[in-house]
1. Which pairs turn up if I take residues in region 97-114 that are on the phi < 0 side of the Ramachandran plot and look for partners that are modelled with pLDDT of 95 or more and of a type in the set (Lys, Arg) with beta carbon separation below 8 Å, at least 6 apart in sequence or on another chain?
2. Does residue 91 satisfy being under 23 Å from residue 46 (Cα atoms) and out of contact with any strand residue (DSSP E or B) (no Cβ under 8 Å at 6 or more places or on another chain)?
3. For region 66-85, how many residues meet the condition of being surrounded by 15 or more Cβ atoms within 10 Å (Cβ to Cβ) and closer than 17 Å to residue 166 by Cα?
4. How many residues are over 20 Å from residue 21 (Cβ atoms) and either over 15 Å from the mean Cα position of the chain (by Cα) or of a type in the set (Phe, Trp, Tyr) (or both) if we restrict to region 47-67?
5. Being in contact with a Leu (Cβ under 7 Å, 6 or more places away or on another chain) and exposed (fewer than 14 other Cβ atoms within 10 Å of the Cβ) is the requirement here; does residue 138 meet it?
6. Would you mind stating whether residue 25 is modelled with pLDDT of 95 or more, part of a helix (DSSP H, G or I) and either surrounded by 17 or more Cβ atoms within 10 Å (Cβ to Cβ) or hydroxyl-bearing (Ser, Thr, Tyr) (or both)?
7. Considering only residues that are among the aliphatic types (A, V, I, L, M) and closer than 14 Å to residue 166 by Cα, which ones fall in region 1-27?
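The values are calculated or read from the model by the stated rules, or taken from the named source; none is laboratory data. Keep in mind the model is a prediction, meaning the values are calculated, not measured. With ideal geometry, Cβ positions are generated from the backbone for all residues, glycine too; neighbour counts draw on all protein chains shown.
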Amino acid sequence: MEKKQKLAFIDLETTGLDPEKHEILEIGGVVVWHNIDDRGVNSFQEIGEFEYKVKPKHLETASPEALRINHYNEADWLFAGELNQTLKDLSKKVEGAVMVAHNVAFDWGFLSAACFRENIDLKMDYHKLDLLSIAFAKLYNKDWTPKLNLWALAEHFGLQNKKAHSALADARVAYEIYQKLMTG
């Protein structure tokens, strides 16, 4: 019996580490169908991808280090969208999907806090998959145990991320790592 699951690989860039104090700057993602056939062979079909820059309202609370790491500058965010509309658009794109993220607790913490504040019902499946946990389970007993950050995992699998700390680029790399973990 074939199994099919819609997955949304999501990455956020933020103005800091606290979802109650800091804001989402960027949301990127790749939506796919993950299929497993009768023989247990994994295959993936991309449905689409998305990238949103979000206009921050409270830069005075931002961490200067987070802004530097996430390449924030006013010129690139000049035409950024408002958070409320961005979350409404995002909800349509990820409807019914299981969220997958590297350190899913971080990204989900920001998304759920933002949705609560904006009174948006994000129509994703309630299940979440943590790429970091999957990598730990798959790689821990190997002769070589990598650091489990996104960049070390990408390097381990021979993947490049030329735009690290860009939400869509990080989401794409997370998706590629997931494929390697599921098929390797």
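1. 97/6; 98/6; 98/128; 99/128; 100/128; 101/128; 104/128; 108/128
2. It is true that residue 91 is under 23 Å from residue 46 (Cα atoms) and out of contact with any strand residue (DSSP E or B) (no Cβ under 8 Å at 6 or more places or on another chain).
3. The qualifying residues number 7.
4. 3
5. Working: in contact with a Leu (Cβ under 7 Å, 6 or more places away or on another chain): yes; exposed (fewer than 14 other Cβ atoms within 10 Å of the Cβ): yes.
Answer is yes for this residue.
6. On the way: modelled with pLDDT of 95 or more: yes; part of a helix (DSSP H, G or I): no; either surrounded by 17 or more Cβ atoms within 10 Å (Cβ to Cβ) or hydroxyl-bearing (Ser, Thr, Tyr) (or both): yes.
No; evaluated as a whole, the condition is false for this residue.
7. First pass over region 1-27, keeping only residues among the aliphatic types (A, V, I, L, M): 1, 7-8, 10, 12, 17, 24-25, 27.
Selection gives 10, 12, 24, 25, 27.
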